[in-house]
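The values are calculated or read from the model by the stated rules, or taken from the named source; none is laboratory data. Just so we're clear, the structure is a prediction, and the values are computed from it rather than from any experiment. Cβ atoms come from the backbone with ideal geometry, glycine included; neighbour counts cover every protein chain shown. With ligands, DNA and RNA removed, areas are computed over all heavy atoms of the protein, side chains included. Shrake-Rupley method; radii C 1.70, N 1.55, O 1.52, S 1.80 Å.
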Amino acid sequence: MRDKHMALVKALMKQPGWTTARQLALQLQVSDRSVKNYIGEINYQEENLIEASKSGYRIDKERAKEILGRQTEHLPETQAERINYIIAELLTGGTDEGIDLFDVGEDIFVSYETLRKDMVKVRKKVKEYGLFASVSNSTVRLEGKELDKRKLLSAILYDEFDKNIVSLDLVQRAFPDFELEALQDIILTECKKNHYYVNDYAMLNLILDLAISMERIRRDCTFRTHVPENREFGRQETEMIGRIAKRIEEVFDIRIAGMELQELTALILSHLMQVDVNTLDREKVSTFVPPGSMAIVNRVLEYLNENYFIDTGDEEFVVKFAVHINNLLLRLENAYAAKNPLTDHIKKTCPLIFDCAVGAANCLNQMTGYRIDEDEIAYLALHIGGNLENYKQKEKTGCILLFPQYYDMSDIMVKKIRQEFSDSLLIQAVVTKPSELEHIKRADLIISTVDLSFGKWEHVVNVNPFLRTGDMEKIREKLREIRQEKKRRQLEDALMYMTSPELFSRNPPCTSQEQALAYMIHEMEMQGYVGSSFMEEVREREIHSTTAFGRLAVPHALELNAYKTGIYIMLSERPVEWEGNQINLILLFAINREDRVMFHEVFDNLIVLLLEHENMDLVLHSKSYPEFIDAILSCK
C-alpha cells in the first residue's frame, strides 16, 4: 500500500462516522478525484475495506488497524529516518499552519518526547538550507524562502532514493498525484520543436524539481512572500516555456503565473542545451559557449593538464566539457544544482578521478565565487574520467610470441591477439625457436605454441596454434596477474619513497579531525615537508568534499606545492570524529609537483585497497611502521 493510501486509511480511522470525499480531500490536501481514486485502489487490494454511501465513506477500523500493523516496516524507525519524515511532513503534509507533533507521533507510533528530541536535529538540518523550524507547544512551522524549501524537499527525496537507482518510476512513487510520463512528454515535445537537447540524468533531475514545484503550487506555497531575483530571458526561450507552462496547467490543473513562471523558466533552461554536442567541433563550440564561459573552461583545462595530464588536445572531450561547464554556470547563476545518483559510487570506486574533479571545482570557485556541491563535482568526474583513464592505461604489457614458422599461421595468430587485446597487449617480437628468446633483454609475457620451461621467464602462457576460446582466457588471466604484480611493485616503490618511520604514529592523543590535522601537520612542518600555509590548504580541500571514506581519511591540499613529498600515517584504535565519520586510519598526503604521477598511482590504489573491510582490519592491527608497510603490501 502506497504512502498516500496509508494517509487516507489513517484519516478515515480518526473519523467517528461517515466522511465526505471533500472533507478527506481538504484534510489530505489532494483533489476530490484523487480521494475517490485512492479508495478504489485500496478496495481493490483490500476488498470492501472502505464502505461508500450517500453520506460519504466509512472504514472497517479493526481491519484497518491490522493492515496498518502489517505496514509498519515502511514507517521511519531510526532517528535519521524520523528527521527526514518530519521535514517531509512540513513540506508536503502540512500547511502554513505547520504540523502537530502529537499527530506525527500517532502516525508513526513514536512518543511525543522522542519527537521533541528529534527536533534539535531537524532544526540543524533545515538551517543548512537557510530555513528555521519554530516550535510552539506541539506545533512545528517551517519558516524561510520558498525556493530554499523546495531545495530542501529535493534533498530529502534524494536521501529517500539513496538505496535505489533513481528512475522515473521511483520519482513517480513520491508524487502519485502527477502523471510524470505526461510531464516528461510535454518537455521533450517542446524541446524537439525548438532544437533543445537534454540528457537522461538532467531530465530526471528536471522532472523531480518540476514535480516538487507543482506539489508546492498545488498547496498554495508559492513565491508570494519570498521571490527570486528578477531575471531576463530571450524571447524564444520565454515563448517556449510559456507553452510548456500552459500545457502543464491544462494537464495537471494548477496555475503557473508571475514569479512562479519566471522560476519555471530558470529551472527548465538550467537543464537544457540548445545544441547537439555531437554536431560540434572545437572551433564551433566557441560560437555556442560565451567568451566569458570559454575563458573559465580554458583555465580549468589548463589546471587539469598541469596537475593530472588531461589531454586537452582531445577534441571530443574538450567540446563536451565546455558545453557541460557552460550549463553548470547557468545552473549556478539560477541557484539550481543537479542531483547525481552516482556520486557515492564514483567517489568510492574512482577516488583519483573524483579528486581531479574537486580540483576543477576549486578552479571554478576561484574564478566565479560559486561553491560547487558534491553532486555537480561527480558530473565533472564523469566527463574527466574517460580522459584520465585513457592516460592511465597508455602503458601496455610487452609480449613475445614464440611460434615455429609454418606458412602464414603466425601472422594469423598475431592478428587475432592484436584484435582481442589491442588496449592491453603490445607484441614486441615474434620468434620461431626457444633459443632466440636468449637474445631478448626484457618481456613481461611469453605466449608460446610449444611447451616451454619457465627458466628466466616468469610469465609464460602455452596456447594452441589455432587460439581457442580457452587460450584467450588463459592470456587474459595472465595479463590480470601481471598487472596486479606490477601495481604491487609500483605501490611498494612509492611507499618506500613517500613514507618513513618518522611519519608514523599510533594512538596519539587526538579525538577530532582538527586535533588530528594539527598534530600531523605540525610534525610534517617540523621535518621540512610543508610550509605554514599547509593547514589552511588542507582545510580548503575538505570544504569542497570530505576526504573521509568509511574508516579511512586521506586529507591533502589541492595545490601540489609541498617542499618534499611525504605521507603521514596515523592509526587510532579510538575513532577520530571526521565530519560524521568514525576514522581509524588517516593518511595525510603532502605532495611536491615533481611527484604528481606517483601521487596519482598511490592515492587511487591505497583508497580502493583500504575500502575493503578485510584489508582495513589487517592494516589496523599494525603495531609499528614496518608492520604497517607489510600489511599494506599483503592486501589483496
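Give the aspartates and glutamates whose C-alpha is closer than 18 Å to that of LYS441, dropping any in the same chain fewer than 8 places away, or say none.
LYS441 reaches GLU458.
Less than 25 Å apart at the alpha-carbon level, and either on another chain or at least 8 residues along: which lysines does that give for LYS124?
The reachable lysines, counting only those whose Cα sits under 25 Å from LYS124, are LYS145, LYS149, LYS151, LYS163, LYS339.
Toward the positive end of the charge dipole of the range 467-620, about the Cα centre and with charges on Cβ (Lys, Arg +1; Asp, Glu -1), which of THR547, GLN527, VAL576 goes farthest?
Final value for the positive-end residue is THR547.
What's the magnitude of the charge dipole for the chain around its Cα centre, counting Lys and Arg as +1 and Asp and Glu as -1 at the beta-carbon? Answer in Debye, nearest 20. Don't skip to the answer; put the middle values down first.
Details: 79 positive and 102 negative charges, 109 e Å.
Its charge dipole is roughly 520 debye.
Explain nothing, just compute: Karplus ³J(HN,Hα) = 6.51 cos²θ - 1.76 cosθ + 1.60, θ = phi - 60°, for every residue of the range 6-14 in order, whole Hz, x for Gly and Pro.
So the Karplus estimates, Gly and Pro as x, are 4, 4, 5, 4, 5, 4, 5, 5, 7 Hz.
Multiplying the sequence separation of LYS117 and VAL251 by 0.36 nm and subtracting their Cα-Cα distance, what value in nm do you get?
Details: separation 134, 0.36 × 134 = 48.24 nm, distance 4.26 nm.
Length gained between LYS117 and VAL251: 44.0 nm.
Packing-wise, with mean Cβ within 10 Å as the measure, how do 544-552, 248-256, 573-581 rank, highest first?
Details: 544-552: 20.3, 248-256: 15.8, 573-581: 14.1.
Top to bottom by mean Cβ count within 10 Å: 544-552, 248-256, 573-581.
Each residue of the range 537-543 in order: what ³J(HN,Hα) in whole Hz does its phi give by Karplus 6.51 cos²θ - 1.76 cosθ + 1.60, θ = phi - 60°, with x for Gly and Pro?
5, 5, 4, 4, 5, 5, 4
Amide H to amide H under 5 Å from TRP578: which residues, 5+ apart in sequence or cross-chain, H placed 1.01 Å off N in plane?
ILE583
Using the heavy atoms of the protein chains and a 1.4 angstrom probe, tell me the accessible area per residue for the range 91-134 in square angstrom. Working shown, then result.
Details: 2510 Å² over 44 residues.
Value for the range 91-134: 57 Å² per residue.
Give me, ordered by chain and number, the residues 5 or more places off LEU402 or on other chains with an amide H under 5 Å from its own placed amide H.
Amide H to amide H, under 5 Å and 5 or more residues apart or across chains, LEU402 pairs with VAL431, ILE447, SER448, THR449.
Going toward the positive end of the dipole of the range 311-372, with +1 on Lys and Arg Cβ and -1 on Asp and Glu Cβ, which of HIS345, GLY313, LEU364 do you reach last?
In the range 311-372, that residue is HIS345.
So which trypsin sites (Lys or Arg not before Pro) in the range 409-461 end up in coil per DSSP with only 11 or fewer other C-beta atoms within 10 Å?
Numbers: sites: LYS415, LYS416, ARG418, LYS441, ARG442, LYS456; in loops: LYS441, ARG442, LYS456.
Filter output for the range 409-461: LYS441, ARG442, LYS456.
Of LEU585, ASN43, VAL461, which is farthest towards the positive pole of the chain's charge dipole, taken about the Cα centre with +1 and -1 on the beta-carbons of Lys, Arg and Asp, Glu respectively?
The Cα lying farthest towards the positive end belongs to ASN43.
For the range 455-573, just the Cα atoms, rotate onto the principal axes and tell me the three extents in Å, largest first.
64, 31, 31
In whole Hz, what ³J(HN,Hα) sequence does the range 575-590 give by Karplus (6.51, -1.76, 1.60; θ = phi - 60°), x for Gly and Pro?
Listing the rounded values in order: x, 8, 5, 9, 6, x, 9, 9, 9, 10, 9, 10, 10, 8, 8, 10 Hz.
Would you mind telling me the antiparallel percentage of the DSSP bridges in the chain, rounded to 5? Display every interim value, and only then the final one.
On the way: 26 of 46 bridges.
Once the DSSP bridges in the chain are tallied, antiparallel ones form about 55 percent.
Rounded to the nearest 20 Debye, what is the dipole magnitude of the range 16-144 about its Cα centre when Lys and Arg each give +1 and Asp and Glu each give -1 at the C-beta? Present the calculation step by step, with values, prior to reporting the outcome.
Values: 18 positive and 22 negative charges, 64 e Å.
Computed about the Cα centre, the dipole is about 300 debye.
Given a cut-off of 32 Å, name the pairs among LYS284/LYS396; LYS348/LYS416; LYS474/LYS636; LYS564/LYS636 whose C-alpha atoms lie farther apart than that in the structure shown.
The answer is LYS284/LYS396; LYS348/LYS416.
List the aspartates and glutamates whose alpha-carbon lies under 17 Å from that of LYS65, not counting same-chain residues fewer than 8 positions away?
Filter leaves ASP3, GLU46, GLU47, GLU51, GLU73, ASP103, GLU106, ASP107.
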